[in-house]
Amino acid sequence: MSDAPALVLARALSGAAGWESLNERDALALHDAAVDHGLDALVWAGIAAAGAAPELRAMLEPRVRAAATRDLFVHRDLQSVVASLDAAGIPALLTKGTALAYTIYPQPWLRPRIDTDMLVRHDDVPAASAALAQCGYSRSDALSSGELVSHQIAFERIDPHDVHHVLDLHWKVVNPQIVADALSFEELWRSAQPAPALGPAARVPSTVGSIALARVHRLAHHYGQDRSIWLYDLELLVEQLTPEGWTILQQLALEQKIAGFCLDGLRATRSRFGTGLPEAVEEALASAAPNEPSRAYVDGPVSKRDGLMTDLAALPSWRDRARLLREHAFPPAAFMQQRYGTTARWLLPALYVHRIATGGSKWVRP
């Protein structure tokens, strides 16, 4: 699909073009763009407030009602999870979409999200898993796990109202080794801020921390895919930055060698939403970016082979490199069984052979 409808919606969200200028004849294209880019609730709220584009508003309304209803159950569930972790003495950070939904958006249902991301210290993962189990969550085998191939565990539960809740428990912010330690739990926790809507113990990264985390995640996990909602997150976060905040962001980006990640995201957001970017900050980030180890992700897109090669180069020992390769080739049995839709353990040898035979080309293809 052309990006043109998404750009029209982005201009309207940024105030560059009023909602009245939306062409009713293109309502279907605008609807599809709003959904694809995660802007459906924001667009609905904008045109409802302006009394504009009734056809588009009617098309979006069922999705918005569903999102607002679902949030009632998600909100209650998150409050329970936060309270349970706090009672167990486990420091935890809500991150990414959920953190932003309850802090920088007027209503949390305006920020679409499929799951909840939570960051804890690696040593706290067993205790955090137990606390989630007390809240009714069970571990999902939908994600491959290991010490090096992945730095997260997925949990899920279905509540009495048949609402499906998914929570990803992270101990590093992203999986690629080249930037996995760029933003540690300790770094983000030191400047964390409260999220009162989710309870007195709820904590989310600071504005600067959320900006850095979102920019790293955009390239290291989504390989530069620019859904407008991710850029709009940054637009709202940047609006909160003071001159001191810009200085802190610049220092963090340079110290953690993620200047290229931050610069690329800030420029993309400026292009789509007209977001401000101080000239001095842009120059400092641009000067540092070419010399960073993670430059491949900024220059992207990164193939599976390129990602694997950067991971291997970032690991400190041949033992770790061998382990990473082994975890890629032979993920846990439960993951394989879920992926192939079988409970027969005797099939596992054949499934591993099939995985290597059919997927191996992805790891050698440039």
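The values are calculated or read from the model by the stated rules, or taken from the named source; none is laboratory data. Just so it is clear, the model here is predicted, and its values are computed rather than measured. Reconstructed Cβ throughout: ideal geometry from the backbone, glycine too, with neighbour counts over all protein chains shown.
If we scan the range 105-117, do we find a residue that is charged (D, E, K, R) and modelled with pLDDT of 95 or more?
Initially, the range 105-117 is screened for residues charged (D, E, K, R), giving 111, 113, 115, 117.
Retained after the next criterion (residues that are modelled with pLDDT of 95 or more): 111, 117.
Checked the range 105-117: at least one residue is charged (D, E, K, R) and modelled with pLDDT of 95 or more.
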- Item | Of all residues making up the range 46-92, the number that are assigned to a helix (DSSP H, G or I) and touching a Phe, Trp or Tyr at 6+ places or on another chain (Cβ under 7 Å) | 10
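Within the range 120-134, does at least one residue satisfy the condition of being more than 25 Å from P205 (Cβ to Cβ) and assigned to a helix (DSSP H, G or I)? Working first, answer last.
Just the residues of the range 120-134 that are more than 25 Å from P205 (Cβ to Cβ), to begin with: 133-134.
Okay, now just the ones that are also assigned to a helix (DSSP H, G or I), so 133-134.
Yes - at least one qualifying residue is present in the range 120-134.
Kindly indicate which of V208, V166, V174 is touching a helix residue (DSSP H, G or I) at 6+ places or on another chain (Cβ under 9 Å) and closer than 26 Å to P126 by Cβ.
On the way: V208 fails: closer than 26 Å to P126 by Cβ; V166 fails: touching a helix residue (DSSP H, G or I) at 6+ places or on another chain (Cβ under 9 Å).
Result of the check over V208, V166, V174: V174.
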- Message: So, in the range 244-264, how many residues would count as being among the acidic types (D, E) and over 18 Å from F185 (Cα atoms)?
- Response: 2
- Query: Pairs under 6 Å by beta carbon, first residue within 16 Å of D36 (Cβ to Cβ) and at pLDDT 85 or above in the range 1-25, partner among the β-branched types (V, I, T) and assigned to a helix (DSSP H, G or I), six or more apart or different chains?
  - Reply: L9/V43
- Query: For A212, are the conditions met, namely being of a type in the set (G, A, S), closer than 20 Å to I104 by Cβ and more than 18 Å from the chain's Cα centre (by Cα)?
  - Reply: no
- Note on the structure: A careful count of residues in the range 184-200 that are assigned to a loop (DSSP other than H, G, I, E, B) and touching a strand residue (DSSP E or B) at 6+ places or on another chain (Cβ under 9 Å) gives 3
- Looking only at the range 97-119, which residues are touching a strand residue (DSSP E or B) at 6+ places or on another chain (Cβ under 6 Å), assigned to a helix (DSSP H, G or I) and touching a residue at least 40 places away in the same chain (Cβ under 8 Å)? A99
- Query: When only residues in the range 56-102 that are crowded, with 16+ Cβ neighbours inside 10 Å and of a type in the set (D, E) count, which is farthest from V120 (Cα to Cα)?
  - Reply: D71
- Query: Only one of these conditions is not met by L148: (1) surrounded by 17 or more Cβ atoms within 10 Å (Cβ to Cβ); (2) within 26 Å of V302 (Cα to Cα); (3) at pLDDT below 95; (4) within 19 Å of the chain's Cα centre (by Cα). Which number is it?
  - Reply: (4)
- Message: If A182 satisfies all but one of (1) buried (at least 18 other Cβ atoms within 10 Å of the Cβ); (2) at pLDDT 95 or above; (3) over 16 Å from L94 (Cα atoms), what's the number of the condition it fails?
- Response: (2)
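In this structure, does V43 turn out to be β-branched (V, I, T), crowded, with 16+ Cβ neighbours inside 10 Å and either outside the structural domain of L198 (by TED's automatic domain parsing) or more than 23 Å from L167 (Cα to Cα) (or both)? Give the derivation first.
Numbers: β-branched (V, I, T): yes; crowded, with 16+ Cβ neighbours inside 10 Å: yes; either outside the structural domain of L198 (by TED's automatic domain parsing) or more than 23 Å from L167 (Cα to Cα) (or both): yes.
Answer is yes for this residue.
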- Query: Does P331 satisfy the condition of being surrounded by 16 or more Cβ atoms within 10 Å (Cβ to Cβ) and not assigned by TED's automatic domain parsing to the domain that holds S228?
  - Reply: yes
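Of the residues in the range 150-179, how many are touching a Gly at 6+ places or on another chain (Cβ under 8 Å), more than 27 Å from I258 (Cα to Cα) and not in a strand (DSSP E or B)?
Just the residues of the range 150-179 that are touching a Gly at 6+ places or on another chain (Cβ under 8 Å), to begin with: 157, 159, 176.
With more than 27 Å from I258 (Cα to Cα) added as a condition, the list becomes 157, 159.
Okay, now just the ones that are also not in a strand (DSSP E or B), so 159.
Residues that pass the stated criteria total 1.
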- Task: Using the structure shown, decide if A220 is crowded, with 22+ Cβ neighbours inside 10 Å, at pLDDT 95 or above and under 20 Å from A286 (Cβ atoms).
- Result: no
